[in-house]
Amino acid sequence: DTTQRVVSNNTSLRPQFADNFDATIEYYFKPAGMLSAGVFLKEISDFIVATDAGLIGTGPNNGFSGDYAGYTLSTQVNGGAARIRGLELAYQQQFTSLPGALRGLGAYANYTWLETIGDYGSLGATLRGSEVPGFIPRSGNVGLSYSHRGWMLRAQLNYSSRALGQTLNPNPALRSYDFSKRRLEFNASYTLRPSLTFFADVVNALNESLGDKPYIYIPERKRGADLFHAQIKAGISGRF
């Protein structure tokens with residue numbers, strides 16, 4: 001009642017269908033490693049999208065026995081057709097050919113690029129790029145690892161670009177977007193014996209505001225913010 005919004009499932013949804021095409025090429029390093037590149041195409045029809053379907057009408061036949069007149073109805077509907085094209089790159093390698101303790105070094109990275117097009121029919125015009133809900137146009141990870149004599153160390157940076165939220169609003173000025181995010185983590189563990197491991201993790205080492213709530217239309221119109229600083233977690237893991 002405070003927000004004057006009703007969230008209701010749509011039992012009349014049609015199933016969504018997709019044709020998927022993928023092609024990947026991989027190259028394996030000796031003695032341990034891989035480089036891969038892949039492209040894909042997804043053709044989706046009658047895709048399901050969450051949206052604000054307008055205001056609930058008045059009268060006993062408004063779908064809610066006459067209640068909630070004038071409230072906003074949030075539900076799911078079938079869209080038209082969507083096309084998702086993408087590129088995926090990945091690399092991982094263990095440098096076991098290095099001398100001595102350096103043999104424990106490893107590196108990995110991956111990157112995903114998406115181009116999306118969606119036809120929303122009566123909900124709005126054809127949308128492209130970051131204007132299609134639920135898809136992140138750019139994302140990737142890069143990391144280093146080290147393993148030696150019971151020690152396991154890892155550093156990883158994750159990135160995801162600005163993206164439209166899961167719900168589509170027909171009015172562009174009212175659409176909700178997620179901020180781009182960077183997340184840096186450090187992990188360390190030492191296995192004293194197979195049944196006993198000590199570990200410590202540093203989460204969100206860059207003090208990113210990972211809890212930022214979405215913004216409306218422009219970044220200056222934040223819906224709010226939850227601020228989280230770097231966290232350190234440590235403990236003991238045992239298996240019996």
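Springs join every pair of Cα atoms under 10 Å in this Gaussian network model of the chain, and among ALA53, ALA173, ALA18 the largest mean-square fluctuation is at ALA173.
Rounded to the nearest whole Hz, the Karplus-based 3J(HN,Hα) values (6.51 cos²θ - 1.76 cosθ + 1.60, θ = phi - 60°) of the stretch 37-51 follow the sequence 9, x, 10, 8, 9, 10, 10, 10, 10, 6, 5, 9, 9, 7, 7, with x at glycine and proline.
Tell me the carbon and sulfur percent of the accessible area for the chain, rounded to whole percent, probe radius 1.4 Å. For the chain, the apolar C and S fraction of the accessible surface comes to 56 percent. Report note on the peptides 153-163, 29-39: ranked by the mean count of other C-beta atoms within 10 Å, highest first, their order is 153-163, 29-39.
Between ALA107 and PHE186, the contour length at 0.36 nm per residue exceeds the Cα-Cα span by 27.0 nm.
Let me know the whole percent of all Cα-Cα pairs from the stretch 33-95 that are separated by more than 16 Å. Summing the P(r) tail past 16 Å for the stretch 33-95 gives 68 percent. Seen from every direction in turn and averaged, the convex hull around the alpha carbons of the stretch 137-198 projects onto 6.2 nm².
One quarter of the convex hull surface built on the alpha carbon atoms of the stretch 140-240 amounts to 8.5 nm², the projected area averaged over directions.
Rounded to the nearest angstrom and listed largest first, the equivalent-ellipsoid semi-axes of the chain from its Cα gyration tensor are 44, 24, 16. Excluding ligands, DNA and RNA, the accessible surface per residue across the chain is 63 Å² with a 1.4 Å probe.
The values are calculated or read from the model by the stated rules, or taken from the named source; none is laboratory data. Fair warning: this is a prediction, and the values are worked out from it, not measured in the lab. Cβ coordinates were reconstructed from backbone atoms using ideal geometry, including for glycine residues, and neighbour counts include every protein chain displayed. Heavy atoms of the whole protein, side chains included, go into the accessibility calculation; ligands, DNA and RNA do not. Shrake-Rupley method; radii C 1.70, N 1.55, O 1.52, S 1.80 Å.
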